[in-house]
Amino acid sequence: QVQLVESGGGLVQPGGSLRLSCKVSGTIFRIYSMAWYRQAPGKERELVASISSNDDSYYIDFVKGRFTISRDYGLHTMDLKMITWRPEDTAVYYCHVHATAVPGGALNTYWGQGTQVTVSS
């Protein structure tokens, strides 16, 4: 059983800063890519940022320069540090990983339950 638990969501003022964290637990052999997605009301879920096992990071244009993704391989955690929040960033943020449970096992996809971030004054 693999669990992804997000934390750090809440209310943030426009221009403010916030950090989201994701903790992966359970039967995990190796985590490959990790990513943050978000889903705003009435919109489809979209990729926000990702980080590979080589620490190569990717960001959608809308968050470049404002969001920073990082991971801790030993603790199986991932953070998303965000500054200069905008109302358009209001969404549920989801943690996502590609991982194997056993050596040589299939590559599986796991999702967290999501954490709400609301940008409002």
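Using θ = phi - 60° in the Karplus curve 6.51 cos²θ - 1.76 cosθ + 1.60, the 3J(HN,Hα) couplings for region 98-108 round to 10, 8, 10, 8, 9, x, x, x, 5, 7, 10 Hz; x is entered for Gly and Pro. In sequence order, region 15-20 has phi-based couplings of x, x, 10, 7, 10, 9 Hz under the Karplus curve 6.51 cos²θ - 1.76 cosθ + 1.60, θ = phi - 60°, and Gly or Pro positions carry x. Take the Cα of residue 39, step 7 Å toward its Cβ, do the same at residue 120, and the gap between the two points is 2.0 nm. What the chain shows is 54 Å² of accessible area per residue, with the surface traced by a 1.4 Å probe over protein heavy atoms.
Surface calculation, 1.4 Å probe, protein heavy atoms: residue 98 sits at approximately 60 Å² accessible.
For residue 81, a cut-off of 18 angstrom between C-alpha atoms picks up these lysines, skipping any fewer than 8 places away in its own chain: 23, 64. The alpha-carbon of residue 43 sits under 17 angstrom from the alpha-carbons of these aspartates and glutamates, leaving out residues fewer than 8 places away in its chain: 88, 89. Taking only protein heavy atoms and a 1.4 Å probe, the accessible area of region 11-121 is 49% carbon and sulfur.
The values are calculated or read from the model by the stated rules, or taken from the named source; none is laboratory data. Computed from a prediction, not measured in an experiment: that's the story for all the values here. Cβ: placed from backbone, ideal geometry, glycine included. Neighbour counts: every protein chain shown. Side chains are part of the model used for accessible areas, which takes the heavy atoms of the whole protein and leaves out ligands, DNA and RNA. Shrake-Rupley method; radii C 1.70, N 1.55, O 1.52, S 1.80 Å.
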